[in-house]
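The structure under discussion appears below in the form of structure tokens.
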Amino acid sequence: MRHHQRDFAVDNRLFFTAAIAAVIGAICTVAAFILLNLIHFFTNLFFFQTFSFVDKSPAGNTLGLWSIAIPVIGALIVGLIARFGSEKIRGHGIPEAIETISFGQSRMSAKVAVLKPLASGIAIGSGGPFGAEGPIIMTGGAIGSLIAQRFSISAAERKTLLVAGAAAGMTAVFGTPVAAVLLAVELLLFELRPRSLLPVIFACAVAAFTRPLLMDGGRLFPLHTGSVGLSVLGICLVAGILSGGLASLMSIVLYKVEDSFHKLPVHWMWWPAIGAVAVGIGGYLQPRALGVGYDVIADLLNHRMLASAVISLLVVKAIIWVIALGSGTSGGVLAPLLMLGAGLGTIISMLIPGSDPVLWPLVCMAAVLAGVLGAPLTAAIFAVGLTGDFDAMLPLLLATGVSYGFTVLLMRRSIMTEKIARRGLHIYREYGVDPLERAFVEDVMTTDVSAIPAALPLQEVLSQYFGMNQQFRAMPVVTEDGAVLGMLDRGTLQKALQSASVSDGVASLFDHNGHNTLHVAKATETCQTLARRMAAFHLERLPVVSDIKTMRLVGIISRSDLVKPARISYQEEHIRER
């Protein structure tokens, strides 16, 4: 029995990281509170000319045609902030966070932490059809990264704290800690390990506990649907396919619009203002399409809108959203997607007499989100967290799964990763246990080892082991009791013969007190751990010892041995049998 093997890798710094994450969770709750109040402040300033933090919808303004100019003014300010402040504030935040995690060593600047919520508050407050989740994910991530940079920690730990801040910010805005943790796992962490999962859980839990101290602690869209039966199965499949189709369509159109802006003969600083012209016109025709639109989502979920009003509102919202987001302004994608999905569900419910009219806006809302994010579990739990409707879990799970499968088969990348791919980078989003993590050194090492006795004279070593019949590039040198002194290759031996006597024992080439500097492998190590060490120190073969104290040789492992687990994985994936 292998008593040394564990289910999870042990990380003694886990509690240290989790403690910092808990502090980050509290700080990000304050940041979310500030962001939401910035949105309220700028909404009142732009549309009602008052200094107030009261939550008002821009749809209630009485500016008439002047309302068309408000989004343009806000977008001009955002363009200036991005041009002379930080270009990192452009976009909806999640792709930028993913890129920083995967390719930027999880380092964010203080400028992003300050300018992102400010720019997003101005963009959304001036009528931008966005949500607050993308900006708070970017802002929370920046806060987590900045705090992490104050400590002497690894890039992996810094990534964990960045994601903890992002997830805590999402928790604070929506009050959905479980969905935030799942979003971190499905979209940001790119791993599922205790070292990263537990700090994120701590941050989200702290954010959820502290949220009622600053904001309304209730559900954002309280809802209750009736019990479901077998009759809804087919409707869930259709709703999932339609939602996946809508998600794919929105992704394709968004990047077509972005490509169009890149062809304009003006600096990108002016693009948000150009896109805001469409926002202003659309907002004049459909004022409820402006801003975050939580009130509209609530009306759609509770079936309080007529079909004609739903269709016209959603058409306008979709058009101004893709144009504004494609222009590179600052704002989130989740709230607009929730609205579009709920609108699709409202239309479906009107076409299906006798079904629960409240269920389908909720189901399609989650399914569209699953298709766009490529995160079905996050979308299903997010919908439950927003509404508290646990009875809808089964249709939510089925519809989000169908939508996710539809987009995976149809689309190469999601909205979140397409922007990164256009910068020449690639994100591979499938999770799985690395075959090297499952295999141990003792599983793949060679036990029949050709070792060089430490007492053998140098000349005999050259003739016996490195002559015409040389089999191995390097071989271990061992003492009489089987302890490893080091690895010897032809180049090292020939260099030694130029300055040493041929009768000297090969042991003279090694520092007998230098075992701590000798690179060895232990039989109980995973192949993944060893592969990283061999790559870091440019090693090709390592002696395998029973333990560091005795240094007793038990085998040899080479880089070619590390291919063996991959061969097994290939067989599991590609060989089909009954």
Quiz prompt | Estimated FRET transfer efficiency (Gln471, Ala421; beta-carbon r; R0 45 Å; 0.05) | solution = 0.45
Self-check item: Spatial extent of region 232-421: Rg and Dmax, with the Cα atoms as the point set, Å
Solution: 16.4, 54
Quiz item: Rounded to a whole number, what is D in µm²/s for region 49-102 from Stokes-Einstein with the Kirkwood radius over alpha-carbon pairs (4 °C, 1.567 mPa s)?
Solution: 93
Exercise. Return the percentage of antiparallel bridges among DSSP beta bridges fully within the chain, rounded to the nearest 5 %.
Key: 75
Exercise. Work out from phi, with θ = phi - 60° and the Karplus expression 6.51 cos²θ - 1.76 cosθ + 1.60, the ³J(HN,Hα) of each residue of region 396-402, listed in order in whole Hz, and give x for Gly and Pro.
Key: 5, 5, 5, 5, 5, x, 5
Quiz item: Amide H to amide H under 5 Å from Ser330: which residues, 5+ apart in sequence or cross-chain, H placed 1.01 Å off N in plane?
Solution: Gly91
Exercise. Take His574, His92, His426 and order them by how many other Cβ atoms sit within 10 Å, fewest up front.
Key: His574, His426, His92
Quiz prompt | Of Lys111/Lys256; Lys111/Lys419; Lys88/Lys256; Lys256/Lys317, pairs whose Cα-Cα distance is over 19 Å | solution = Lys111/Lys256; Lys111/Lys419; Lys88/Lys256
Quiz item: Lys111 versus Val23, label points 7 Å from Cα toward the beta carbon: distance in nm?
Solution: 2.7
Quiz item: Between region 49-93 and region 260-283, how many Å separate their Cα centres?
Solution: 14
Quiz prompt | Calculated FRET efficiency for the pair Glu540/Ser308, C-beta based, R₀ 60 Å, to 0.05 | solution = 0.25
Exercise. Take Trp66, project a point 7 Å from its Cα along the Cβ direction, then tell me which residues of region 31-53 have their backbone nitrogen under 14 Å from it.
Key: 45-50
Self-check item: Inter-centroid distance (Cα atoms) of region 174-249 relative to region 470-492, Å
Solution: 57
Practice problem: Determine the gain in length on full extension of the stretch Ile274-Thr492; use 0.36 nm per residue of separation and subtract their C-alpha separation, reporting nm with one decimal. | Solution: 71.7 nm
Quiz prompt | the chain: calculated mean residue ellipticity at 222 nm from DSSP helix runs of at least 4, using -39500 (n - 2.57) | solution = -18500 deg cm²/dmol
Practice problem: Sort Thr529, Thr43 so the one with the fewest other Cβ atoms within 10 Å of its own Cβ comes first. | Solution: Thr529, Thr43
Quiz item: Taking the Cα-to-Cβ direction at Ile281 and at Leu410 and moving 7 Å from each Cα, how far apart do the two end points lie in nm?
Solution: 2.8
Practice problem: Treat the count of other C-beta atoms within 10 Å as a stand-in for reagent exposure and order Phe33, Phe103 from fewest to most. | Solution: Phe103, Phe33
Quiz item: Taking Cα atoms of the chain, Rg/Rh with Kirkwood Rh, to two decimals?
Solution: 1.12
Quiz item: So how many Å³ per residue does the convex hull of the Cα atoms of region 435-566 work out to?
Solution: 106
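Here, each number is a calculation from the coordinates, and none is a lab measurement. What you are looking at is a predicted structure, and each value in this text was computed from that prediction instead of being measured. FYI the Cβ positions are ideal-geometry reconstructions off the backbone, even for glycines, and counts take in every protein chain you see.
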